[in-house]
1. Gly190 - would you say it is of a type in the set (Gly, Ala, Ser), surrounded by fewer than 17 Cβ atoms within 10 Å (Cβ to Cβ) and over 21 Å from the mean Cα position of the chain (by Cα)?
2. For a quick check of your reading of the model, give me the residue pairs whose first member lies in the range 220-248 and is under 17 Å from Gly52 (Cβ atoms), whose second is of a type in the set (Asp, Glu), with beta-carbon atoms closer than 7 Å and at least 6 apart or on different chains.
3. Pairs please, first residue from the range 187-212 and under 20 Å from Thr355 (Cβ atoms) and at pLDDT 95 or above, second anywhere and surrounded by 17 or more Cβ atoms within 10 Å (Cβ to Cβ) and of a type in the set (Lys, Arg), Cβ atoms under 6 Å, 6+ apart in sequence or on different chains.
4. From the list Glu402, Glu409, which one is within 14 Å of the chain's Cα centre (by Cα) and of a type in the set (Asp, Glu)?
5. Of the residues Gln254, Gln162, Gln169, which is more than 30 Å from Glu450 (Cα to Cα), open to solvent by 70 Å² or more (accessible area, probe 1.4 Å) and not in a helix (DSSP H, G or I)?
6. Farther than 30 Å from Ala145 by Cβ and surrounded by fewer than 17 Cβ atoms within 10 Å (Cβ to Cβ) - does that describe any residue in the range 235-251?
7. Any idea how many residues of the range 174-203 are under 16 Å from Gly270 (Cα atoms), in a helix (DSSP H, G or I) and not acidic (Asp, Glu)?
8. Residue under question is Phe376, and the condition is that it be open to solvent by less than 50 Å² (accessible area, probe 1.4 Å), touching a Cys at 6+ places or on another chain (Cβ under 9 Å), in contact (Cβ under 8 Å) with a residue 60 or more places away in the chain and closer than 24 Å to Arg273 by Cβ; does it hold?
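The values are calculated or read from the model by the stated rules, or taken from the named source; none is laboratory data. This is a predicted model, so every value here is computed, not measured. Glycine gets a Cβ as well: all are built from the backbone with ideal geometry, and neighbour counts include every protein chain shown. SASA here: full protein model, heavy atoms, side chains in, ligands and nucleic acids out. Shrake-Rupley method; radii C 1.70, N 1.55, O 1.52, S 1.80 Å.
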Amino acid sequence: SRSPAAKSVLTATMDRAIPIEEHIAETPPTSAAASSAMPVLPEARFGELANGVRIAAVDRQGMCACVGLFVHAGSRFETPEMACVPHALELMAFRSSAHLSHLRALKTLEQLGATVSCRVGREDILYHFDALREYVPVVLPLMLANILCPSILEEEVEAARQQAMEMRQAMQEDTEGLVTELMHTAAYRGNTLGNPLYADEPDLPKFSAENIREYIRRECRPDRLMLVGVNVDFDDLCKWTARSFAEVGMDGPQEPGTERKMEPARYTGGEIRVSEPNPLCHLMLAWEVEGGWNGPMLTAATVLHMFLGGGGSFSTGGPGKGMHTRLYTEVLNRHNWVESCQASSLMYADTGLFTINATVVPQFSAMFIEELAGIFQGMRISPGELQRAKNQLKSSIHMNLEMRSVMMEDIGRQLVLSGKVGTAQEFGAIIDSVTVEDVLECLRRLLKTEPTLVAYGAIDKVPSHEAVKQVFSKVKP
């Protein structure tokens with residue numbers, strides 16, 4: 001008979017010590033023990049407070065919690081003249097409030113070891129913090145105070161104006177971010193998603209305490225707020241959030257405000273050229289993904305993006321880095337005048353952009369356009385290549401969701417875009433259903449839309465927009 005020590009390890013998992021002097025392979029673990037050893041994936045829980053605030057939480061039992069407050073507002077909902085006001089909220093985040101002065105808030109966060117941030121988007125504004133989970137009841141009211149009881153002092157507004165100009169200067173040095181911003185301006189000229197995301201110098205007079213208070217009152221209503229937590233208990237998050245709203249008398253049903261109708265995004269296509277002293281030419285081409293996140297082309301466009309792949313002309317790394325994607329094998333590995341070439345996609349609630357971003361030696365700008373058209377024209381996808389693109393996409397989803405901040409933002413963005421949240425497993429099943437014909441049909445539909453062209457840097461040799469349009473109009477994948 002076996003010793004008690006041997007019996008105790010018969011159903012043990014492999015992360016426990018097993019006495020090596022005892023032979024335990026004769027008796028397999030029972031089915032009940034085997035099933036209990038299988039990992040259980042934490043599930044997201046959802047709820048809604050009486051005042052309309054939506055709450056979601058996933059408790060993965062981690063030591064550090066990540067909590068984000070999404071406001072369903074942004075530059076697309078404003079007029080072009082007032083589209084800069086949401087940017088003011090980003091610059092005024094975590095300053096003085098009815099709870100603490102700016103200095104005391106900073107000292108409190110520093111003592112707790114918490115990190116906070118705010119970023120403005122075209123369809124949402126995100127306040128976010130990371131802290132040890134036992135400090136969430138302390139930091140959460142400080143985050144909610146940004147919209148519930150901000151002081152909005154005149155000296156802090158003036159500091160925000162100065163910071164806006166510093167950000168503008170930093171953007172001029174971030175070529176990729178600047179080109180992406182110009183792409184939106186050209187693709188949706190004069191409407192919704194084409195509104196500027198960041199303030200420029202002429203916008204500074206609109207950065208006033210009155211405008212900021214009015215914007216918060218009008219746009220940051222409870223029914224447009226979504227609170228998402230990772231590594232935090234759902235019931236506790238609901239309780240602490242309800243308390244914060246009760247302190248300002250907003251815990252019950254709210255009177256309906258002015259109904260906001262979301263104007264459909266109108267894709268226009270077009271071009272923007274910015275000549276700057278630069279040894280290289282930065283090009284970005286884009287086509288519309290009709291329907292965006294809620295459209296029928298979402299999955300096929302994302303698989304196409306992974307299939308084309310791309311990257312820099314010199315890129316270290318081993319398997320899984322994308323060295324066998326089409327833009328690597330057909331462009332980067334063949335032409336030394338291409339510094340970088342990358343496919344990407346940007347999705348919004350009712351539209352999206354499929355983009356190719358490249359950096360080339362200026363005199364080869366026209367040749368790059370021809371090369372890209374040739375790749376689209378001769379698009380042949382083998383079953384192995386399609387499966388590799390699907391695997392890359394699914395592994396990217398799963399690996400990114402291991403990060404708590406990515407999971408938090410993923411849940412919040414899905415709620416903003418569609419009002420519902422899909423799991424990685426559900427997206428994986430949808431990805432597996434994509435066929436070669438789906439990808440090719442997606443490419444055909446993309447090329448039927450008006451191309452958008454942004455050229456930055458040494459742009460003298462870049463073909464005209466009409467010439468680019470003619471080149472891609474002849475492509476029949």
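1. Numbers: of a type in the set (Gly, Ala, Ser): yes; surrounded by fewer than 17 Cβ atoms within 10 Å (Cβ to Cβ): yes; over 21 Å from the mean Cα position of the chain (by Cα): yes.
Yes, satisfied.
2. The qualifying pairs are Ala242/Asp251; Phe245/Asp251.
3. Pairs found: Thr192/Arg76; Leu193/Arg76; Leu193/Arg122.
4. Details: Glu402 fails: within 14 Å of the chain's Cα centre (by Cα).
Only one candidate qualifies: Glu409.
5. On the way: Gln162 fails: not in a helix (DSSP H, G or I); Gln169 fails: not in a helix (DSSP H, G or I).
One residue alone meets the criteria, Gln254.
6. First, the residues of the range 235-251 that are farther than 30 Å from Ala145 by Cβ: none.
No, every residue in the range 235-251 fails to be farther than 30 Å from Ala145 by Cβ and surrounded by fewer than 17 Cβ atoms within 10 Å (Cβ to Cβ).
7. Step one: filter the range 174-203 for residues under 16 Å from Gly270 (Cα atoms), giving 179-195.
With the extra rule that they be in a helix (DSSP H, G or I), the set shrinks to 179-187, 192-194.
Subsequent filtering for residues that are not acidic (Asp, Glu) retains 179-180, 182-187, 192-194.
Summing the residues that are under 16 Å from Gly270 (Cα atoms), in a helix (DSSP H, G or I) and not acidic (Asp, Glu) in the range 174-203 gives 11.
8. Working: open to solvent by less than 50 Å² (accessible area, probe 1.4 Å): yes; touching a Cys at 6+ places or on another chain (Cβ under 9 Å): no; in contact (Cβ under 8 Å) with a residue 60 or more places away in the chain: yes; closer than 24 Å to Arg273 by Cβ: yes.
So Phe376 fails the test.
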